[in-house]
Structure formats: C-alpha cells, structure tokens
Amino acid sequence: MSFELCYQFPDEKLISSSQLRFWSAKEIERHLSEAGLRIERLTGDWDLGDFKKDSTEEMVFFVRSQANG
C-alpha cells in the first residue's frame, strides 16, 4: 500500500510519501511464537467474524504467553 500526505502552508507545500507492507497471518504467527506468545484465536474483524485468508481485510489476534500453558 502506498499513499501520500500533502501539507499546504502559506509559502510552501510538503508531500510525505509512504509505503506499507503488511505481514501475512503466518508471518505474524511466527513472530509471536519467537516472542514467546501463541495465538488462541484469530478473527477477521472486531465483531469476532471469521478470518478468511483470501477475503478478510483485518486480522485480530488473541494471544497468550506460551509460559501460561
């Protein structure tokens, strides 16, 4: 995802360009595991809707420390 923000001042215009890359669910799972966390639940929205890899726009992770069982 790429986007620009434009800031207009009386004597100049500034443009900030940004590019974002989002991790996949598998990449997030790996990083969480490396941090000592495990996924208890993954939903596709804040209303706890199902996560669908190919169509869900959000990922909401419920995680717990691996040390807590």
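The values are calculated or read from the model by the stated rules, or taken from the named source; none is laboratory data. Just so we're clear, the structure is a prediction, and the values are computed from it rather than from any experiment. Neighbour counts run over all protein chains shown; Cβ positions are idealised from the backbone, glycine included. Please note that ligands, DNA and RNA were not included when accessible areas were found on the heavy atoms of the full protein model with its side chains. Shrake-Rupley method; radii C 1.70, N 1.55, O 1.52, S 1.80 Å.
For the reader, a short list of remarks on this structure follows.
- A search for C-beta distances below 8 Å between a residue of segment 1-27 that is basic (Lys, Arg) and any residue that is part of a loop (DSSP other than H, G, I, E, B) and open to solvent by 80 Å² or more (accessible area, probe 1.4 Å), counting only pairs 6+ apart in sequence or on different chains, returns Arg21/Met1.
- Some residue of segment 49-62 being farther than 17 Å from Met1 by Cβ, modelled with pLDDT under 95, open to solvent by less than 80 Å² (accessible area, probe 1.4 Å) and within 14 Å of the chain's Cα centre (by Cα): yes
- Search result, residues across segment 1-35 that are in a loop (DSSP other than H, G, I, E, B) and either over 19 Å from the mean Cα position of the chain (by Cα) or modelled with pLDDT under 95 (or both): Met1, Pro10, Asp11, Leu20, Arg21, Phe22, Trp23, Ser24
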